[in-house]
Ligand SMILES: Nc1ncnc2c1ncn2[C@@H]1O[C@H](COP(=O)(O)OP(=O)(O)OP(=O)(O)O)[C@@H](O)[C@H]1O
Ligand SMILES: [Mg+2]
């Protein structure tokens, strides 16, 4: 107690000297470096915008050309189908890899090894040549004459199907590793707690393990979706009419290669930007409970910014974000 | 009853009560390591049994065999007249399907050392999940019951909190409420207070004491000798996968017959 009093006495006479302003360090290099970067960027923009070899009118025109728009839709369709099917496949492969059955886990390991170890471009071309390898495709029981269904390979595996197949099978290998990492990240105690309450293995997977694994799975899967969207351009080698192929087809006729590449790039940027929105909200959805407070959504942040600019009620307390979900 | 070969004084606290749990000659190995050697034990209905023993003596394993989180290599575990995890066919017993085992586990609540609450669900959602999802209880009824249980463990104001927003002691009390929500006949506790800061232990033990007073049959692994002395009807001392000594707390704790029991009690005091 005497220590407290002593401190109180010592502080009192000096109180007025402590009433000073704290001035932050001035950082001139911040301003200088920013100015240099801005100058370089402006120079580059100027050189592009005033370049007589770039036909800006053509860019504007081809941006909404029906063939380009068709290409955009096909790109989105291929991305969607390949991502959905590959994710389902990835869960199966990850489950096989994690299973205690040595045959299942080795087959899964081999699958990942083969599809990750060879270039995607090579796989796409290979699937395009499938008709040379197998003239007919059939569904039946191996090593018997029992056939349920059969079709001519070249009729069934069009360039588009071959392309989707190649992207899907390749992606499944990558995604299965992401899913596996997500499953491993869930504490073993979670399964035990679920079992001890009488939950079946399937129910436990669906309601307890998967939602927690999703927290780890979603961010890399967002990246994979964006990669997939861009990788669809590789299908140009087997003449699938997605946006990049459409752009090259048009430019081979009018010789405006650069303009059409810019058109395609603008569309890719637009599509990848839009894709990151659902990812953000999915991350929030599956992040519930993982930290004490979720960060506000951009929308909530905007509202807060406006609320704090106006004199009036203070911005909502942090915990508001949790109850708002 | 001749197979129950624990020690002389076992269960005379409630001799007349029917055993809710009968463990008969249970054996269990992990690889070459035999963790349970011929363990036999009876737990009368409405009584509290405390399992004591040094680390690695097989207490957790025994507890986990009772709700078949671990399979056994031999012997029998019977809860309320029903063989757990197996069905009798001829001389041997055969393991049940996961679905049948899940049904049996609904009757047996378990509380873990590390709480194991579901982190993506609020306290209330943790409690409601199993009654609604697997027992098919209407959601409104389950929520009402969960709210009542939260009140009973002293956490009525924390229904909307996620586990990460609760202290260890609060999490453990939610975990107890979650286990109780399925209306179990038997509660298993595996060192429920070992992961808690000392000042939080009391709240959890209070909840368990109340549960015991309400007549719940409980098997508790704990190093809290005070709890064992005050609440247990039977104390079982295990070492090296066998029951060394079992009986009333005042006998086993204050007048242990075996040297191993004495050494252990000396070490935890
Ligand atoms: N899944 C497992 N695989 C292999 N060995 C195991 C496994 N579970 C437990 N064991 C071993 O079985 C023995 C008994 O373990 P158990 O967890 O039952 O001991 P315990 O009495 O609960 O000890 P503690 O007081 O440290 O919790 C230990 O030697 C442990 O290493
Ligand atoms: Mg243990």
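The values are calculated or read from the model by the stated rules, or taken from the named source; none is laboratory data. Since the model is a prediction, treat every value here as computed from it, not as a measurement. All Cβ positions, glycine included, derive from the backbone under ideal geometry; neighbour counts span all protein chains shown.
Would you check if there is a residue in the stretch A:204-217 being touching a helix residue (DSSP H, G or I) at 6+ places or on another chain (Cβ under 8 Å) and either over 28 Å from residue B:131 (Cβ atoms) or more than 12 Å from chain B (Cβ to nearest Cβ) (or both)?
Yes; the residues of the stretch A:204-217 include at least one that is touching a helix residue (DSSP H, G or I) at 6+ places or on another chain (Cβ under 8 Å) and either over 28 Å from residue B:131 (Cβ atoms) or more than 12 Å from chain B (Cβ to nearest Cβ) (or both).
Mind listing whichever residues of the stretch B:94-131 are within 16 Å of ligand 1 (Cβ to nearest atom) and outside any loop (DSSP other than H, G, I, E, B)?
Within the stretch B:94-131, B:110, B:111 meet the criteria.
Looking at B:36, B:51, B:63, which one is within 14 Å of chain A (Cβ to nearest Cβ), within 10 Å of ligand 1 (Cβ to nearest atom) and modelled with pLDDT of 95 or more?
Residue meeting the stated conditions: B:63.
Just checking: which of the helices (runs of 4 or more DSSP H) contained wholly in the stretch A:173-247 hold 2 or more residues that are touching a residue at least 12 places away in the same chain (Cβ under 8 Å)?
Once the helices (runs of 4 or more DSSP H) in the stretch A:173-247 are filtered for at least 2 residues that are touching a residue at least 12 places away in the same chain (Cβ under 8 Å), what remains is A:188-196, A:210-231.
What is the one condition in (1) within 16 Å of ligand 1 (Cβ to nearest atom); (2) out of contact with any strand residue (DSSP E or B) (no Cβ under 6 Å at 6 or more places or on another chain); (3) away from chain A (no Cβ under 13 Å) that residue B:155 does not satisfy?
With respect to (1) within 16 Å of ligand 1 (Cβ to nearest atom); (2) out of contact with any strand residue (DSSP E or B) (no Cβ under 6 Å at 6 or more places or on another chain); (3) away from chain A (no Cβ under 13 Å), residue B:155 is out only on (1).
Among the listed residues B:189, B:118, B:112, identify the single one that is more than 16 Å from ligand 2 (Cβ to nearest atom), touching a residue at least 24 places away in the same chain (Cβ under 8 Å) and crowded, with 20+ Cβ neighbours inside 10 Å.
Result: B:118 is the single residue among B:189, B:118, B:112 that is more than 16 Å from ligand 2 (Cβ to nearest atom), touching a residue at least 24 places away in the same chain (Cβ under 8 Å) and crowded, with 20+ Cβ neighbours inside 10 Å.
With in contact with a helix residue (DSSP H, G or I) (Cβ under 6 Å, 6 or more places away or on another chain) and more than 13 Å from residue B:50 (Cα to Cα) as the only criterion, which of B:211, B:265, B:196 stands out?
B:196
What is the residue count in the stretch A:24-56 for residues that are more than 30 Å from residue A:254 (Cα to Cα) and part of a helix (DSSP H, G or I)?
The number of residues fulfilling the criteria is 15.
Out of all the residues in the stretch B:55-68, which are within 12 Å of ligand 2 (Cβ to nearest atom) and not in a helix (DSSP H, G or I)?
The answer is B:55, B:56, B:57, B:58.
Is it true that some residue in the stretch B:189-204 is within 14 Å of chain A (Cβ to nearest Cβ) and farther than 26 Å from residue B:228 by Cβ?
No, every residue in the stretch B:189-204 fails to be within 14 Å of chain A (Cβ to nearest Cβ) and farther than 26 Å from residue B:228 by Cβ.
For the stretch B:27-54, name all the residues that are within 16 Å of ligand 2 (Cβ to nearest atom), under 23 Å from residue A:191 (Cβ atoms) and touching a strand residue (DSSP E or B) at 6+ places or on another chain (Cβ under 8 Å).
The answer is B:28, B:35, B:36.
Name the one entry in B:29, B:57 that is farther than 20 Å from residue B:93 by Cβ, near ligand 1 (Cβ under 10 Å from one of its atoms) and out of contact with any helix residue (DSSP H, G or I) (no Cβ under 6 Å at 6 or more places or on another chain).
Going through B:29, B:57 in turn, the sole match is B:57.
Taking the criterion of being closer than 17 Å to residue A:223 by Cβ and not in a loop (DSSP other than H, G, I, E, B), would at least one residue in the stretch A:257-267 satisfy it?
No, there is no match, as no residue in the stretch A:257-267 is closer than 17 Å to residue A:223 by Cβ and not in a loop (DSSP other than H, G, I, E, B).
Name the one entry in B:166, B:180 that is touching a strand residue (DSSP E or B) at 6+ places or on another chain (Cβ under 9 Å), away from ligand 2 (no atom under 16 Å from the Cβ) and in contact (Cβ under 8 Å) with a residue 24 or more places away in the chain.
On the way: B:166 fails: touching a strand residue (DSSP E or B) at 6+ places or on another chain (Cβ under 9 Å).
Every option except B:180 fails the conditions.
Of the residues that sit in the stretch B:213-223 and are surrounded by fewer than 21 Cβ atoms within 10 Å (Cβ to Cβ) and either within 16 Å of ligand 2 (Cβ to nearest atom) or part of a helix (DSSP H, G or I) (or both), which one is modelled with the lowest pLDDT?
B:223
Which condition number in (1) under 23 Å from residue B:259 (Cα atoms); (2) touching a helix residue (DSSP H, G or I) at 6+ places or on another chain (Cβ under 8 Å) is the one that residue B:85 fails?
(1)
Can you pull out the residues in the stretch B:165-191 that are farther than 17 Å from residue B:202 by Cβ and part of a loop (DSSP other than H, G, I, E, B)?
Selection gives B:181, B:182, B:183, B:184, B:185.
Which one of A:77, A:40 is surrounded by fewer than 11 Cβ atoms within 10 Å (Cβ to Cβ) and farther than 30 Å from residue A:188 by Cβ?
Result: A:40 is the single residue among A:77, A:40 that is surrounded by fewer than 11 Cβ atoms within 10 Å (Cβ to Cβ) and farther than 30 Å from residue A:188 by Cβ.
Looking only at the stretch B:69-93, count every residue that is assigned to a strand (DSSP E or B) and closer than 18 Å to residue B:217 by Cα and tell me the total.
Selection size over the stretch B:69-93: 5.
Looking at residue A:79 and the list (1) at pLDDT 95 or above; (2) more than 30 Å from residue A:165 (Cα to Cα), which single condition is not satisfied?
It is condition (2) that residue A:79 fails.
With respect to residue A:166, is the statement that it is surrounded by 22 or more Cβ atoms within 10 Å (Cβ to Cβ), within 14 Å of chain B (Cβ to nearest Cβ) and out of contact with any strand residue (DSSP E or B) (no Cβ under 6 Å at 6 or more places or on another chain) true?
No.
When the stretch B:66-93 is examined, which residues are found to be over 15 Å from residue B:37 (Cα atoms), touching a residue at least 40 places away in the same chain (Cβ under 8 Å) and away from ligand 1 (no atom under 16 Å from the Cβ)?
Matches in the stretch B:66-93: B:78, B:79, B:80.
For the stretch B:94-108, give me each residue that is at the interface with chain A (Cβ under 7 Å from one of its Cβ atoms) and buried (at least 17 other Cβ atoms within 10 Å of the Cβ). Break it down into steps so the answer makes sense when it comes.
To start, the set of residues in the stretch B:94-108 that are at the interface with chain A (Cβ under 7 Å from one of its Cβ atoms) comprises B:98-99, B:102-103, B:105-106.
Hits for the stretch B:94-108 are B:102, B:105, B:106.
Restricting to the stretch B:163-177, and then to whatever is closer than 15 Å to residue A:189 by Cα and within 11 Å of another protein chain (Cβ to nearest Cβ), can you tell me which residue is surrounded by the most Cβ atoms within 10 Å (Cβ to Cβ)?
B:175
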